[in-house]
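Worksheet: one structure, shown below.
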Amino acid sequence: MSVQVGMVHLVGAGPGDPSLLTLKAVELLQKADAVVYDKLAGWSFLTHIQPQTRLYDVGKQADRHTMVQEEICQLLVDLAREGLQVVRLKGGDPYVFGRGGEEAEVLVAAEIPFQVVPGISSSVAVPGAAGIPVTHRDHCTSFHVITGHERPDREETALDFSAFAKLSGTLVFLMGIRNLSHITQSLLREGKDPLTPVAIVEKGCTPYQRHITGNLTNIVDLVEKHSIQAPAVTVVGTVVDLSSKLYQTPSDQPLRAQRILVGRTRRQASRFSNLLRSQGAIPIEVPLIEVELNADPIAGSAFLEKLSLCQWLVFTSENGVESFVQLLRQQKRDVRTLHSLRIASIGPATTQALLQYGIHADLQPQIYTVEALGQELLKVIQPKQSIALARSDVANPELQRRLQSMNVDLVEWDAYYTRPALRQAELLKSLLFQAEVDWIPFSSSSMVHAFCDAVLDDHISTWNVRFASIGPMTSAAMQSRGLLVSAEAKVQTLDGLIVAIQEAL
Ligand code: SAH
């Protein structure tokens with residue numbers, strides 16, 4: 001029996017802003033068995049993949065090839081022949097200087113089904129983000145996208161600067177920053193007006209975006225003066241003048257360009273990532289822990305039975321709530337099960353999760369720790385009452401300890417199991433070793449241990465990364481593993497964690 005051949009999707013990731021991925025790209029990433037990416041694609045795709053998706057970094061930089069093009073093509077063919085759905089993710093549009101055409105030819109020759117999914121090309125979007133429309137009726141009637149980096153195996157230049165110099169349209173050079181002097185000299189030699197405006201836009205559509213403007217005679221010096229680096233787009237033409245009028249300065253963002261690892265479970269990551277993005281940060285989602293809801297029907301039905309004799313039901317996390325609601329469904333029960341119970345919640349996120357199911361929490365402490373929750377409960381419960389706890393298998397025993405001091409009957413249920421998510425350990429290590437991460441916030445002790453186990457505590461001092469903690473328990477776990485706590489949340493919520501990072505900048 002022959003193995004079913006998979007399919008390769010040549011997908012454009014857009015210029016860098018995660019919200020400029022197409023809906024189709026997101027849909028394919030969600031279903032991908034493997035993603036083959038390079039640096040220009042950015043890290044936002046991690047938000048959309050499944051935990052088991054295989055990742056291949058084939059990143060190329062101007063002078064450091066991690067994988068040659070033939071090897072990349074071979075990898076695509078091999079993965080498809082394994083029967084996988086493969087997303088080949090490329091910055092911008094796959095058919096604009098991305099060698100997407102070459103990859104497509106190889107796939108056709110190997111009889112691998114493929115499709116191309118367009119992306120927003122930097123050639124248009126990046127000038128636009130710097131306030132430069134590539135066409136404008138008062139300025140030009142065409143724009144031309146030109147490579148600034150020719151094939152190294154070509155002896156004579158294929159770039160016809162005499163033709164470019166005669167064009168009245170906007171010239172957009174990609175990959176041109178290292179050859180800028182050659183480009184400007186050639187245009188001047190061929191008679192282009194020395195005062196023709198030129199803009200360089202570095203890392204457009206990302207929180208690092210910068211641009212400078214000048215003309216054909218001074219732009220090289222300006223690039224040097226401002227240490228402009230690749231990737232950058234060079235725009236030549238009078239439309240550049242519009243930038244001073246049309247460029248919109250981004251609003252003040254306290255976490256601008258901070259690269260922050262989001263290690264929460266895939267289900268819980270997006271809320272934190274969205275909060276970070278709204279402050280200008282770049283979230284990089286690599287789950288450190290996985291949560292498995294307890295679906296054991298025997299333990300579940302025993303818990304529900306005992307629950308009918310309890311006075312309080314206590315939740316210490318959103319996962320606990322999710323798992324309890326799943327249990328009700330599994331046992332063909334609903335919220336009426338709770339009719340005689342009072343409900344306690346550890347903090348706002350758990351309270352919110354309950355509210356989503358129409359359940360109002362009767363008690364929530366002012367400080368969102370198990371100690372504070374225990375203290376508040378002790379004020380309202382009577383001796384000999386029965387208290388039910390739906391919490392993690394590795395929950396802090398402090399809550400039980402406090403409640404037991406009052407001679408109450410505890411009914412406990414392991415609502416979910418927390419395990420380290422080691423599938424992306426390699427990615428995690430390479431991010432750290434390449435200094436791609438500025439902050440790692442931990443929102444639980446289990447996350448700290450999973451992280452340290454995954455990276456084997458190697459060379460922490462060389463990573464250039466800072467660690468933040470959601471509260472004292474997590475900080476203690478960090479210290480026990482030798483991690484320096486650079487920021488600790490005063491309020492034990494994700495917002496509190498973000499404030500702590502801001503204050504530590
Ligand atoms: N397929 C891509 C282009 C690949 S060539 C696209 O359609 O955008 C790589 C070049 O694209 C870089 O050298 C740089 O000139 C340009 N580029 C891509 N993303 C960019 C960004 N966010 N900011 C500035 N230039 C970018």
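Kindly provide the helix-only [θ] at 222 nm of the chain, computed as the sum of -39,500 (n - 2.57) over DSSP H runs of four or more divided by all residues, to the nearest 500 deg cm²/dmol? That calculation yields -10000 deg cm²/dmol at 222 nm. All C-alpha pair distances within the range 92-224, sorted into 10 Å bins from zero, spread as 11, 37, 34, 14, 4, 0 percent across the bins. Ligands, DNA and RNA are left out, and with a 1.4 angstrom probe the accessible area of the chain is 48 Å² per residue. Partners of K384 within straight-line reach, counting lysines whose Cα lies under 22 Å from its Cα and excluding those fewer than 8 residues away in the same chain: K306. The overall shape of the range 154-302, judged from the alpha-carbon gyration tensor, is prolate: a/c is not under 1.5, and a/b is greater than b/c. Distance between the modelled labels on E412 and D221, one decimal in nanometres: 7.4 nm (7 Å Cα→Cβ projection). Relative to a virtual label point 7 Å from the Cα of D241 in the Cα→beta-carbon direction, which members of the range 113-147 show backbone nitrogen distances below 17 Å? Inside the label zone: 131-142. Summarising the label geometry, the points placed 7 Å from Cα in the beta-carbon direction at L309 and L23 lie 5.4 nm from one another. Using the basic label-point model (7 angstrom from Cα toward the beta carbon), what is the R54 to V394 distance in nanometres? For R54 paired with V394, the spin-label model returns 2.8 nm. Which values of log₁₀ I(q)/I(0), to two decimal places, follow from the Debye formula for the range 309-366 at q = 0.16, 0.18, 0.19, 0.20 Å⁻¹ with a uniform point scatterer at every Cα? Those come out to -0.43, -0.55, -0.62, -0.68, one per q. For the chain, the relative contact order works out to 11 percent when only alpha carbon pairs closer than 8 Å and six or more residues apart are counted. Structure note, pairs K90/K166; K39/K490; K203/K245; K90/K490; K31/K429; K24/K245: Cα-Cα distances above 29 angstrom occur for K90/K166; K39/K490; K90/K490; K24/K245. Dipole of the range 271-392 computed with +1 at Lys/Arg Cβ and -1 at Asp/Glu Cβ about the Cα centre; of T369, Q279, V335, farthest Cα towards the positive end is V335.
Three principal axis extents describe the C-alpha atoms of the range 271-380; from largest down they are 49, 34, 23 Å. Accessible area ranking (1.4 Å probe, heavy atoms, ligands and nucleic acids excluded), largest first, for E305, E103, E150: E305, E150, E103. Each listed q (0.18, 0.19, 0.20, 0.22 Å⁻¹) maps to a log10 I(q)/I(0) for the range 1-107, found by the Debye formula over equal Cα scatterers with no solvent: -0.83, -0.93, -1.03, -1.25. Within the accessible surface of the range 90-144, defined with a 1.4 Å probe on protein heavy atoms only, the carbon and sulfur portion equals 56 percent. Length gained on full extension, Y208 to Q229: 6.5 nm, using 0.36 nm per residue less the C-alpha separation.
Each Cα pair under 8 Å and six or more residues apart adds its sequence gap; the mean of these over the residue count of the range 203-331 is a relative contact order of 18 percent. The ratio of the alpha-carbon radius of gyration of the chain to the globular-protein estimate 2.2 N^0.38 Å is 1.19. For a label point 7 angstrom out from the Cα of D362 toward its Cβ, which stretches of the range 381-412 have the backbone nitrogen within less than 13 Å? Counting backbone N atoms under 13 Å from the label point, the list is 381-382, 385-388.
Under 16 Å from a point placed 7 Å out from the Cα of L293 along the Cα-to-Cβ direction: which residues of the range 369-412 have their backbone N that close? 390-393, by backbone N distance to the label point.
The length gained by stretching the chain between T249 and S278 to full extension, at 0.36 nm per residue less their Cα-Cα distance, is 8.9 nm.
The values are calculated or read from the model by the stated rules, or taken from the named source; none is laboratory data. Quick caveat, the model's predicted, so the values are computed rather than measured. Heads up, the Cβs are rebuilt from the backbone with ideal geometry, glycines too, and the neighbour counts pull from every protein chain shown. Side chains are part of the model used for accessible areas, which takes the heavy atoms of the whole protein and leaves out ligands, DNA and RNA. Shrake-Rupley method; radii C 1.70, N 1.55, O 1.52, S 1.80 Å.
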